[in-house]
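Notes for the one structure printed next.
The values are calculated or read from the model by the stated rules, or taken from the named source; none is laboratory data. Since we're looking at a predicted model, the values are computed, not measured. Here the Cβ positions follow ideal geometry from the backbone for every residue, glycine too, while neighbour counts run over all protein chains shown.
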Amino acid sequence: MAIEQFTRSLPMMLYRSLDAVTPRFRKIFSDFGLTEQQWRVLRVLWERQDVTLNELSGITLIPAPSLVGVVDRLQGMGFVERRRSDADRRRVYVLATQKGSELEAKVMPRVASAYAALKQSVDAETWDQVLKGLQQISELEEST
């Protein structure tokens with residue numbers, strides 16, 4: 001089996017795609033004083049109520065040691081709070097505060113607009129195929 005030309009290899013295509021997509025969102029996050037990782041955490045917290053640090057790490061793909069710092073900074077900004085489980089003191093939940101929820105109303109319209117523009121850049125069938133293909137690839141188990 002022949003290996004793809006370097007510029008058409010999957011890793012390079014993914015890097016180029018990220019380079020094309022990410023800056024428009026980073027600009028929005030920056031306008032609100034957020035990093036991309038902070039955004040990922042807030043985005044999850046706006047969708048889910050009870051999220052432990054471990055769950056949040058898995059969902060956001062931010063390693064747990066790094067996530068602690070991200071959550072610390074968000075907490076310092078007043079956007080999130082931590083709560084220990086009453087049932088199991090080892091479990092720590094992260095929740096959006098009122099200030100964090102208010103931020104959602106300011107940021108999400110701009111994110112939705114950027115997302116809509118991106119989605120309109122290709123036809124609907126291609127968009128669906130790209131998402132489906134990326135989902136399938138992300139679910140592959142590493143074969144040894």
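Worth pointing out:
- Residue match in the stretch 128-142 (condition: acidic (Asp, Glu), closer than 30 Å to residue 11 by Cα and surrounded by 12 or more Cβ atoms within 10 Å (Cβ to Cβ)): no
- Close pairs from the stretch 82-103: first in contact (Cβ under 8 Å) with a residue 60 or more places away in the chain, partner surrounded by 11 or more Cβ atoms within 10 Å (Cβ to Cβ) and of a type in the set (Gly, Ala, Ser), Cβ under 9 Å, at least 6 apart: 103/96
- Residue match in the stretch 104-111 (condition: at pLDDT 95 or above, surrounded by 14 or more Cβ atoms within 10 Å (Cβ to Cβ) and within 20 Å of residue 134 (Cβ to Cβ)): yes
- Annotation: of all residues in the stretch 103-144 being among the acidic types (Asp, Glu) and within 19 Å of the chain's Cα centre (by Cα), the one that is farthest from residue 76 (Cα to Cα) is 139.
- Residue count for the stretch 50-76 under the criterion of being loosely packed, with under 15 Cβ neighbours inside 10 Å and closer than 21 Å to residue 111 by Cα: the result is 1.
- Subset tally (residues that are more than 16 Å from the chain's Cα centre (by Cα) and modelled with pLDDT of 95 or more) for the stretch 83-94: 0
- Pairing each residue of the stretch 47-64 that is hydroxyl-bearing (Ser, Thr, Tyr) with any residue that is surrounded by 11 or more Cβ atoms within 10 Å (Cβ to Cβ) and not in a helix (DSSP H, G or I), provided the two are 6+ apart or on different chains, yields C-beta distances under 7 Å for 52/91; 52/92; 52/93.
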